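> Before I ask anything, let me first share the structure, which is written out below as structure tokens.
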Amino acid sequence: MAIPSLANRLRVTPVGPGVYQMKDEQGRVLYVGKAANLRSRLRSYFTPAAHHEPKIRRMLTRVADYDYIVTDSPAEALILENTLIKKHRPAFNARLKDDKTYPYIKIDRAEEFPQIYITRRVENDGAVYFGPFATAHSIRKTLALLKKLFPYRSCTKVITGNDARPCLEFFINRCAAPCTGEIDRKNYHKIIDQVVLFMEGKTEPVLADLKKKMLDASDALEFERAAVLRDQTRAIERVSEEQQIKTASARGHDLDAIGMATQNDQACLEVFFVRNGKLIGRDTFVMDGTQDDPPERVMTGFVKQFYQSTPFVPKRILLQHPVEEAEEIQQWLREKRGGAVTIRMAQRGPNRRLVEMAAANAEQQLSQMRIKWWSNTDALQEAMTELQEELNLPALPRTIECYDISNIQGSHPVGSMVTFEDGAPRTSRYRRFKIKKVEGIDDYAMMQEMLRRRFKKLAQSHGKGVSGPNGVDGSYAERPAKGWDKAPDLVIIDGGKGHLSAALEVFLELGIDFIPLSSIAKENEWIFVPQTPEPIALSRRSPALHLVQRVRDEAHRFAVTYHRKLRSKSSTRSSLDMVQGIGPKRKRMLMRRFGSLKGIRKATPDEIMTVPGITRSLALRLKQSI
């Protein structure tokens, strides 16, 4: 980091609010931030004794210069910060994915026969806008629903009312056919008003109007028209009921509920749009560059960037995690809305359940995105090829094994081995290890015990002529190998340089020199390999890094799951297990009869004897023991 004339520049930096930009040697913007006091904030970055989080430390290694823009107020700084993030898309800012403008639904009531548009520009032109929507797909789903419920026109022709005959949509009750004069301007605008009310969650006046028209048509003996209105009414009622069920706690409020899920350097955020107490829609947004950011910072970045572009700000915003600078953001949104806005974390009751539902949907969306990516064979091939090049592997890493240790203060230590073949988990080759010989807290020794147990037989087999991966120094493919006898193309250790050294000791001890070895450190996502002092730092967007992270995360999950199972099993052992004559079957019947150990303690010997197989002497022994 070489900041020219740093001390002098900081001395003359203003103390007022503004936005600063960190830049690299090529002048590219690495990070955009805002501050109420520019001098104080910038000085905090370049103080030698400052303790920065990993993401900021990585950013500072690339900073060669900085720039700033003074603003009149913190609110102006907040708006400018969002604008610059969208413009420059800095690598170290959490930012909404894609630099496009999000789509909206536009309804211009000033038109003689209004259409319903998809637009990416929100203008102060008197039209009504709904959105933003995350994708064109999500907005088309909403339009498809509206088209089923309301017979507005979807054509772009000039309406004269003199066309010879209407199109097919009229005959399937999807258009009121203003083109042929079937409906006049006044009544067509009533349909558009119904669309607007529905999008705002106000279905009651829409239903009341439709039911009145249905009764009028029936009284006038226009039964076919009455049937069409009846079907439309039922469809809207059905949708309204579904919306009401999902938000039974909203009590007529307008609110947005936001939940999130994170994975590596991406976050998925789900927004539930509740209007007038009904869930009128939801959408999913993806943020990049969230690696090492706490949930509060990711949520803060999303709220600022999302509500800068949306034309509508609800009165209440419920969040899964609190936001930083909450008062400033709240004041900014109040000015944007022109009324009261409350931002708060949903902590209990119906509000919490609504946010948790949004978070669960975000987790599902993130899972689907990962599955979609990993089912792409071209992407997997690219990831394996890049990994081979970056780690200088002798062959394509088609089979990868990863190892991890899980324990809490040395208790119930376990290890995990997961296997991936062609980028996909091969669960039949997963293995779990109880650490038996290591006492106390020694992750290195635990890792070594697990690796010895895994590779001892393989080393023996290799000495008898079974060879290394993919035909390197021979080929195990010539002789069918299963389980422990099959050598991987790459071994990954979950840990840093120390874990790698411990694993290398085992490989040298067993004489294994035909299996490439590496480790990945969680803090910086650096990859270490033997005989190379410097870490391999792959790009955060690298397919190879994504592959290694996925393998590492799966090994960690598998180890933690096993560790929790052992801890749970240990914690559920009770004094019942120490009573002679009480086995699993009698213990199960006692628990079923009395509900808990406390219930058994309160029971009399005669009550305990009502359990099949419990004699008086056993009941008395049980009472004395517990």
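> Please go through region 390-445 and give me each residue that is free of Cβ contacts under 8 Å to residues at least 60 places away in the same chain and either in a helix (DSSP H, G or I) or not assigned by TED's automatic domain parsing to the domain that holds residue 552 (or both), ordered by number.
Listed by number, the residues that qualify are 427, 428, 429, 443, 444, 445.
> Continuing with this model, one more query. Which numbered condition trips up residue 291, out of (1) within 30 Å of residue 546 (Cα to Cα); (2) assigned to a strand (DSSP E or B); (3) in contact with an Asp or Glu (Cβ under 6 Å, 6 or more places away or on another chain)?
With (1) within 30 Å of residue 546 (Cα to Cα); (2) assigned to a strand (DSSP E or B); (3) in contact with an Asp or Glu (Cβ under 6 Å, 6 or more places away or on another chain) applied to residue 291, the lone miss is (2).
> Which numbered condition trips up residue 456, out of (1) within 30 Å of residue 377 (Cβ to Cβ); (2) touching a residue at least 24 places away in the same chain (Cβ under 8 Å); (3) surrounded by fewer than 19 Cβ atoms within 10 Å (Cβ to Cβ)?
If we test residue 456 against (1) within 30 Å of residue 377 (Cβ to Cβ); (2) touching a residue at least 24 places away in the same chain (Cβ under 8 Å); (3) surrounded by fewer than 19 Cβ atoms within 10 Å (Cβ to Cβ), just (1) comes out false.
> For region 132-153, give me the residue count where each residue is over 12 Å from residue 107 (Cβ atoms), at pLDDT below 85 and either of a type outside the set (Gly, Ala, Ser) or assigned to a loop (DSSP other than H, G, I, E, B) (or both).
Within region 132-153, residues that are over 12 Å from residue 107 (Cβ atoms), at pLDDT below 85 and either of a type outside the set (Gly, Ala, Ser) or assigned to a loop (DSSP other than H, G, I, E, B) (or both) number 13.
> Would it be correct to say that residue 9 is out of contact with any Cys (no Cβ under 9 Å at 6 or more places or on another chain), at pLDDT below 85 and either under 22 Å from residue 306 (Cβ atoms) or of a type in the set (Asp, Glu) (or both)?
Details: out of contact with any Cys (no Cβ under 9 Å at 6 or more places or on another chain): yes; at pLDDT below 85: yes; either under 22 Å from residue 306 (Cβ atoms) or of a type in the set (Asp, Glu) (or both): no.
So residue 9 does not fit the description; no.
> Also, I was wondering about something else. List every residue pair whose Cβ atoms lie under 6 Å apart, where the two residues are 6 or more positions apart in sequence or sit on different chains, the first residue falls within region 345-374 and is within 22 Å of residue 296 (Cα to Cα) and part of a helix (DSSP H, G or I), and the second residue, located anywhere, is aromatic (Phe, Trp, Tyr) and modelled with pLDDT of 85 or more.
Between residues of region 345-374 that are within 22 Å of residue 296 (Cα to Cα) and part of a helix (DSSP H, G or I) and residues that are aromatic (Phe, Trp, Tyr) and modelled with pLDDT of 85 or more, the close pairs are 358/272.
> Quick one: in region 335-354, which of the residues that are within 18 Å of residue 34 (Cβ to Cβ) and not aliphatic (A, V, I, L, M) is surrounded by the fewest Cβ atoms within 10 Å (Cβ to Cβ)? Give the steps one after another, and end with the answer.
Going residue by residue through region 335-354, those that are within 18 Å of residue 34 (Cβ to Cβ) are 335-336, 343.
Remaining after also requiring not aliphatic (A, V, I, L, M): 335-336.
On the way: 335: 12, 336: 17.
So the residue we want is 335.
> May I pose another question? Looking at the structure I just gave you, is residue 519 under 43 Å from the mean Cα position of the chain (by Cα), at pLDDT below 85 and outside any loop (DSSP other than H, G, I, E, B)? Don't jump to the end; show me each part of the working.
Working: under 43 Å from the mean Cα position of the chain (by Cα): yes; at pLDDT below 85: no; outside any loop (DSSP other than H, G, I, E, B): yes.
Taking the combined requirement at face value, the residue does not satisfy it.
> Can you name the number of the only condition in (1) loosely packed, with under 14 Cβ neighbours inside 10 Å; (2) free of Cβ contacts under 8 Å to residues at least 12 places away in the same chain; (3) under 30 Å from residue 309 (Cα atoms) that residue 27 fails?
All conditions pass for residue 27, except number (2).
> Which numbered condition trips up residue 473, out of (1) modelled with pLDDT under 90; (2) closer than 22 Å to residue 380 by Cβ?
All conditions are met except number (2).
> OK, next. Is it the case, given these coordinates, that residue 64 is at pLDDT 85 or above and surrounded by fewer than 19 Cβ atoms within 10 Å (Cβ to Cβ)? Before the answer, list the steps.
Working: at pLDDT 85 or above: yes; surrounded by fewer than 19 Cβ atoms within 10 Å (Cβ to Cβ): yes.
When the stated conditions are applied, residue 64 passes them.
The values are calculated or read from the model by the stated rules, or taken from the named source; none is laboratory data. Since this is a predicted model, take the numbers as computed values, not measurements. A quick note on method: Cβ atoms are made from the backbone with ideal geometry, for glycine too, and the neighbour counts reach across all protein chains shown.
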